[in-house]
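Some notes on the structure that comes next.
The values are calculated or read from the model by the stated rules, or taken from the named source; none is laboratory data. Note that this is a predicted model, so its numbers are computed, not measured. Cβ placement follows ideal geometry from the backbone for every residue including glycine, while neighbour counts extend to all protein chains displayed.
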Amino acid sequence: MKICIYGAGAIGGYMGAKLSTAGADVGLIARGPHLEAMRSKGLRLIEDGGSETVSVRASEDPSDLGVQDYVIITLKAHSVPAIVDRMQPLLGPQTTVVTAVNGVPWWYFYKLDGDYEDRRLETVDPGNVQWDGIGPERVLGCVVYPAADVPEPGVIHHVEGNRFSLGEPSGEKSQRAEALAKVLSASGLRAPVRPRIRDEIWVKLWGNLSFNPISALTGATLDVLCTDPGTRAVARAMMVEAQQIAETLGVKFPIDVDRRIDGGAAVGAHKTSMLQDLERGRPMEIDALVGAVQEMGGLTDIPTPTIDTVLALIKLRAREAGCYPA
């Protein structure tokens, strides 16, 4: 089984290091100093108080790796449309593409029973670049739970978590999902195959939709924004609007809104990824985490006044910082 991880940053590097240590046939797509460090020194993984360096096959050019059985995309959502043409050498007739990307996935409405089947989402797939260039039939969904960072080129620091939930858009327990789950499990990762992957997507999205933009607008860490009465109320209102949309589309939430917010507070003094991106002047995941939910509200005729307000504010904040297209 040949596996390519496209975007070997914090999460992709963590997965790649675990797979390589377990002897899997894995290749990493990366660039810049991180790529050069992996080529010259190997990929160092720091976790559980220790570290291990593993030799990896890494390249900037997908054609160096050839056709793969699985391509696992671990980029941020806004970066994916631009690499669809570049990733074509990795794709054969039987290649499965695993979307280990935060937010609403571009394939969300593929094989979704009901009135909305095969709808496209312009916010996350402008011009249908991914739908046409990757193909939804290739897709295996994935919800990413680990936290990791890249303290220096060629080094991955694993903070917590090791679960990558997998799921077919159709809900079936396919052979390709089971085969990948087996390889990931053999490398020390948890990879349950879920019959309702969209439910897990929404539970994670619930927090990202609200906590991320509020933290970027206020500078507050999770413990503060989830317990301050004002910001908690804003987050809750956004989540209630999102829940109405999701349930209209058939999603079942295993927990209620307040328990989800309490879970965010329990994480402690953590800066969300959107706040970190703003502070570092990097592009922010606004469309996949917030804009797509607004778009889905329009599709389902569900008003999203709080989401609309926060989205307008965070877009302007990001534009002013050079972290979102003008």
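Of everything in segment 199-217 that's out of contact with any helix residue (DSSP H, G or I) (no Cβ under 8 Å at 6 or more places or on another chain) and of a type outside the set (V, I, T), which residue is surrounded by the most Cβ atoms within 10 Å (Cβ to Cβ)?
Let us first name the residues in segment 199-217 that are out of contact with any helix residue (DSSP H, G or I) (no Cβ under 8 Å at 6 or more places or on another chain), namely 199-201, 204.
Narrowing the set further to residues that are of a type outside the set (V, I, T) leaves 199-200, 204.
Details: D199: 18, E200: 21, K204: 16.
The selected residue is E200.
Being farther than 30 Å from W106 by Cα, in the same structural domain as M87 (by TED's automatic domain parsing) and crowded, with 23+ Cβ neighbours inside 10 Å, is that true of even one residue in segment 28-43?
yes
Of these, D85, D48, which one is loosely packed, with under 15 Cβ neighbours inside 10 Å, among the charged types (D, E, K, R) and at positive phi? Full working, then the answer.
On the way: D85 fails: at positive phi.
Residue meeting the stated conditions: D48.
Determine if segment 153-162 includes at least one residue that is assigned to a strand (DSSP E or B), surrounded by fewer than 19 Cβ atoms within 10 Å (Cβ to Cβ) and without any contact (Cβ under 8 Å) to a residue 24 or more places away in the chain. Spell out the reasoning first.
Going through segment 153-162, the residues assigned to a strand (DSSP E or B) turn out to be 155-160.
Add one more test, that the residue is surrounded by fewer than 19 Cβ atoms within 10 Å (Cβ to Cβ), and what stays is 157, 159-160.
Pick out the ones that are also without any contact (Cβ under 8 Å) to a residue 24 or more places away in the chain and you get 159-160.
Yes, some residue in segment 153-162 is assigned to a strand (DSSP E or B), surrounded by fewer than 19 Cβ atoms within 10 Å (Cβ to Cβ) and without any contact (Cβ under 8 Å) to a residue 24 or more places away in the chain.
Checking G49 against (1) without any contact (Cβ under 8 Å) to a residue 60 or more places away in the chain; (2) in contact with a strand residue (DSSP E or B) (Cβ under 9 Å, 6 or more places away or on another chain): exactly one of these is not met. Which one?
Single failed check for G49: (2).
Would you confirm whether or not segment 88-104 contains a residue that is free of Cβ contacts under 8 Å to residues at least 24 places away in the same chain, farther than 23 Å from D287 by Cβ and not in a helix (DSSP H, G or I)? First the steps, then the outcome.
Looking only at segment 88-104, we keep the residues that are free of Cβ contacts under 8 Å to residues at least 24 places away in the same chain, and these are 93.
The next check asks that each one be farther than 23 Å from D287 by Cβ; those that pass are 93.
Now restrict to residues that are not in a helix (DSSP H, G or I): 93.
Within segment 88-104, one or more residues are free of Cβ contacts under 8 Å to residues at least 24 places away in the same chain, farther than 23 Å from D287 by Cβ and not in a helix (DSSP H, G or I).
Answer yes or no: is there a residue in segment 295-304 that is farther than 25 Å from R232 by Cβ, within 16 Å of the chain's Cα centre (by Cα), outside the structural domain of P81 (by TED's automatic domain parsing) and not in a helix (DSSP H, G or I). Step through it out loud before you land on a result.
Looking only at segment 295-304, we keep the residues that are farther than 25 Å from R232 by Cβ, and these are 295, 298-301.
From the residues that got through so far, the ones that are within 16 Å of the chain's Cα centre (by Cα) too are none.
No, every residue in segment 295-304 fails to be farther than 25 Å from R232 by Cβ, within 16 Å of the chain's Cα centre (by Cα), outside the structural domain of P81 (by TED's automatic domain parsing) and not in a helix (DSSP H, G or I).
Restricting segment 246-288 to residues that are within 23 Å of P303 (Cα to Cα) and small (G, A, S), which is surrounded by the fewest Cβ atoms within 10 Å (Cβ to Cβ)? I'd like the intermediate steps shown before the answer.
Narrowing segment 246-288 to residues within 23 Å of P303 (Cα to Cα): 246-253, 255-258, 260-261, 285-288.
The next check asks that each one be small (G, A, S); those that pass are 246, 250, 288.
Numbers: A246: 24, G250: 13, A288: 25.
Top of the filtered list is G250.
Of all residues being surrounded by fewer than 21 Cβ atoms within 10 Å (Cβ to Cβ) and in contact (Cβ under 8 Å) with a residue 24 or more places away in the chain in segment 305-317, which is nearest to the chain's Cα centre (by Cα)? Just the residue, please.
So in segment 305-317, the residues surrounded by fewer than 21 Cβ atoms within 10 Å (Cβ to Cβ) come out as 305-306, 308-309, 312-313, 315-317.
Imposing the further condition that a residue be in contact (Cβ under 8 Å) with a residue 24 or more places away in the chain reduces the set to 305-306, 313, 315, 317.
On the way: P305: 25, T306: 24, L313: 23, K315: 20, R317: 22 Å.
Filtering segment 305-317 for residues that are surrounded by fewer than 21 Cβ atoms within 10 Å (Cβ to Cβ) and in contact (Cβ under 8 Å) with a residue 24 or more places away in the chain, the one nearest to the chain's Cα centre (by Cα) comes out as K315.
Please verify whether segment 47-66 includes one or more residues that are farther than 21 Å from V155 by Cβ, at pLDDT 95 or above, assigned by TED's automatic domain parsing to the domain that holds G13 and touching a helix residue (DSSP H, G or I) at 6+ places or on another chain (Cβ under 6 Å).
Within segment 47-66 (the criterion being farther than 21 Å from V155 by Cβ, at pLDDT 95 or above, assigned by TED's automatic domain parsing to the domain that holds G13 and touching a helix residue (DSSP H, G or I) at 6+ places or on another chain (Cβ under 6 Å)), the answer is yes, since at least one residue qualifies.
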